[in-house]
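Shown next, in structure tokens, is the structure this report addresses.
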Amino acid sequence: LEVSNKPEKEDNKLNWGNEDQKIILQVENLSKTYFQGKIPVHALRCACITVRKGELLAIMGPSGSGKSTLLALIGTLEKATDGKIILDGTDLTSVPEKLLPRVRREKIGFIFQHYNLIPTLSALENVELSMRFSRVPKKERGGRARKLLEELGLGDRLSHKPSELSGGEQQRVSIARALANKPAVILADEPTGEVDSKTRDSIVRVFKELSEKGQTILVVTHDPEVAKECSRVLRITDGVIKD
Ligand code: ADP
Ligand code: MG
């Protein structure tokens, strides 16, 4: 599978020279407090995480422990209460609001439990659409979408709508979509939550293959079978990380 392997800027102070050891994501003292009415909920407390390029990192913890919050913060879908997130040399917590959609598009790939594909579009169109504002040149997008889907074993499903695909196939479309813009990191929130064990295994295999090629992936999971295939497991309880 084709993944982002573009050389990083020389001035990236997190680049220690060895490509394999390069830190791609640094989370520093990250906290998030939501308010449920007047009651503060400390969903994440002072989290520190260092992730190297090509890691397949499992995030585990009980329901309500802050796993989705952590991904939403890294994905810039939620704003941190405190702390820093440095992704691929960019401090996400200091990016102006109006530039966030672009940074998100260019640096982050999302995979959700419920796939979140657009039901009226084909598999190919779903992947192409994710490149509509992308730096991938317009004339290359169709070919790139097709190639990604073919590599994920969906070459004969290009014109199928999501409703015509199995859960596992829909999830592979969403993986192709996440990869389309060559993101620095893929954030997957319980991506195997809705599929049978055989499909789960094939999704995990795809993740492993991608990570071996240098794609960094963070995957929230409840499934020990998924976690044991990951390069590292991070555990969260009550918003506190213990790794
Ligand atoms: P997990 O993904 O581990 O199940 P979450 O990150 O979704 O946990 O939630 C962590 C805590 O933050 C929970 O107590 C949850 O109720 C709370 N929470 C999550 N999102 C919001 C929100 N948008 N507003 C208020 N509270 C929230
Ligand atoms: Mg969650």
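The values are calculated or read from the model by the stated rules, or taken from the named source; none is laboratory data. What you see is a predicted model, and the numbers here were worked out from it, not measured in a lab. For neighbour counting, all protein chains shown are included, and Cβ atoms are generated from backbone atoms with ideal geometry for every residue, glycine included.
For residues that are away from ligand 2 (no atom under 16 Å from the Cβ) and without any contact (Cβ under 8 Å) to a residue 12 or more places away in the chain, tally how many sit in the stretch 37-78.
Qualifying residue count for the region: 4.
Restricting attention to the stretch 20-75, report how many residues are in contact with a Phe, Trp or Tyr (Cβ under 9 Å, 6 or more places away or on another chain) and more than 15 Å from Ile217 (Cα to Cα).
Going through the stretch 20-75 one residue at a time, the tally reaches 5.
Filter the stretch 172-213 for residues that are at pLDDT 95 or above, among the polar types (S, T, N, Q) and under 20 Å from Leu124 (Cα atoms) and give the result.
Ser174 - this is the single residue of the stretch 172-213 that is at pLDDT 95 or above, among the polar types (S, T, N, Q) and under 20 Å from Leu124 (Cα atoms).
Counting only residues that are part of a helix (DSSP H, G or I) and buried (at least 17 other Cβ atoms within 10 Å of the Cβ), how many does the stretch 186-201 have?
The qualifying residues number 2.
I'm trying to understand the selection: among the residues of the stretch 153-173, which are among the hydrophobic types (A, V, I, L, M, F, W, C) and over 13 Å from Pro191 (Cβ atoms)?
Leu154, Leu158, Leu165
Could you tell me how many of the residues in the stretch 213-233 are in contact with a helix residue (DSSP H, G or I) (Cβ under 8 Å, 6 or more places away or on another chain) and assigned to a strand (DSSP E or B)?
Number of matching residues: 5.
With respect to Val103, determine if the residue is assigned to a helix (DSSP H, G or I), of a type in the set (A, V, I, L, M) and over 21 Å from Thr192 (Cβ atoms).
In short, yes.
Filter the stretch 140-152 down to the residues that are in contact (Cβ under 8 Å) with a residue 40 or more places away in the chain and surrounded by fewer than 19 Cβ atoms within 10 Å (Cβ to Cβ) and list them by number.
Lys147, Glu151
Take the residues in the stretch 186-212 that are under 22 Å from Ser63 (Cα atoms) and polar (S, T, N, Q), then tell me which one is farthest from ligand 1 (Cβ to nearest atom).
Among those that are under 22 Å from Ser63 (Cα atoms) and polar (S, T, N, Q), it is Ser197.
Given the residues Pro183, Pro137, which is the only one that is surrounded by fewer than 17 Cβ atoms within 10 Å (Cβ to Cβ) and more than 16 Å from ligand 1 (Cβ to nearest atom)?
Result: Pro137 is the single residue among Pro183, Pro137 that is surrounded by fewer than 17 Cβ atoms within 10 Å (Cβ to Cβ) and more than 16 Å from ligand 1 (Cβ to nearest atom).
Could you check the stretch 213-225 and list, in sequence order, the residues that are within 16 Å of Ile59 (Cα to Cα), away from ligand 1 (no atom under 15 Å from the Cβ) and crowded, with 21+ Cβ neighbours inside 10 Å?
Thr216, Ile217
Can you tell me which of (1) at pLDDT 95 or above; (2) within 25 Å of Arg105 (Cβ to Cβ) is the one Gly155 doesn't meet?
With respect to (1) at pLDDT 95 or above; (2) within 25 Å of Arg105 (Cβ to Cβ), Gly155 is out only on (2).
Determine the pairs where a residue that is surrounded by fewer than 13 Cβ atoms within 10 Å (Cβ to Cβ), located within the stretch 94-123, has a partner that is among the hydroxyl-bearing types (Ser, Thr, Tyr) with Cβ atoms under 8 Å apart, the partner being 6 or more residues away or on another chain.
Listed by first residue and then by second, the contacts come to Pro119/Ser163.
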